[in-house]
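This report refers to the structure that appears directly beneath it.
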Amino acid sequence: MYEIIKSAHSGWAYLVLIALLIAVVNSFLGMNSKREFTPNDRRFALLGLIATHLQLVIGLILYFVSPLGLASFGQMSDKALRLTSLEHPFVNILAIILITVGWSKHKKGVESHSKFKSITIFYGLGLLLILSRIPWSLWF
């Protein structure tokens, strides 16, 4: 079961990164071109939001069934264990919080520019945080 969940978490990560990249680039281009916020722009942002939240659910399940999760929490002197047990989950939860805040702020925005700006900033910061804490050695 652990291997299946680990594979799902790793495979879904590609989709999350693509969805976030599309949402950020689309919003950045929309903000700079001063175009109107359309239902397609909303769908791109929503896809990024849903993908990250689903990844969080899969990641939390993986955390509690993994031998690298809670069981290795006391071994913080090992850099790889610290990354998988503490840094990766904590920073990615912060990233998902930022993405969720961006989604909420865009919904409250009245002007298209403010909607694009909220998504660009918060989704962009979330994407950067996620990229900073990917355990690259375990992923490939």
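The values are calculated or read from the model by the stated rules, or taken from the named source; none is laboratory data. On a predicted model such as this, the values are computed, not experimentally measured, just so you know. Counting neighbours? That spans all protein chains shown, and the Cβs are built from the backbone with ideal geometry, glycine included.
Below, the figures for the structure above:
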quantity: Unmet requirement for PRO67, which otherwise passes all of (1) surrounded by fewer than 15 Cβ atoms within 10 Å (Cβ to Cβ); (2) part of a helix (DSSP H, G or I); (3) not aromatic (Phe, Trp, Tyr); calculated: (2)
quantity: Selection status of LEU20, modelled with pLDDT under 95, of a type outside the set (D, E, K, R), assigned to a helix (DSSP H, G or I) and crowded, with 18+ Cβ neighbours inside 10 Å; calculated: no
quantity: Selection count, region 121-140, where residues are within 17 Å of THR84 (Cα to Cα) and under 9 Å from the mean Cα position of the chain (by Cα); calculated: 3
quantity: Selection within region 89-113 - of a type in the set (S, T, N, Q) and either at pLDDT 95 or above or within 24 Å of TYR63 (Cβ to Cβ) (or both); calculated: ASN92, THR100, SER104
quantity: Lone unmet requirement of (1) surrounded by 15 or more Cβ atoms within 10 Å (Cβ to Cβ); (2) out of contact with any helix residue (DSSP H, G or I) (no Cβ under 6 Å at 6 or more places or on another chain) for ARG133; calculated: (2)
quantity: Answer from LEU20, LEU15 - the residue that is closer than 13 Å to TRP103 by Cβ and either without any contact (Cβ under 8 Å) to a residue 60 or more places away in the chain or touching a helix residue (DSSP H, G or I) at 6+ places or on another chain (Cβ under 7 Å) (or both); calculated: LEU20
quantity: Hey, PHE116 under 30 Å from GLY30 (Cβ atoms), at pLDDT 95 or above, aromatic (Phe, Trp, Tyr) and over 16 Å from the mean Cα position of the chain (by Cα) or not; calculated: yes
quantity: ILE58, sole failed condition from (1) within 22 Å of ALA8 (Cβ to Cβ); (2) within 11 Å of the chain's Cα centre (by Cα); (3) surrounded by 15 or more Cβ atoms within 10 Å (Cβ to Cβ); calculated: (2)
quantity: Any hit, region 41-48, residues being touching a helix residue (DSSP H, G or I) at 6+ places or on another chain (Cβ under 8 Å), outside any helix (DSSP H, G or I), within 19 Å of ILE121 (Cα to Cα) and of a type outside the set (Lys, Arg); calculated: no
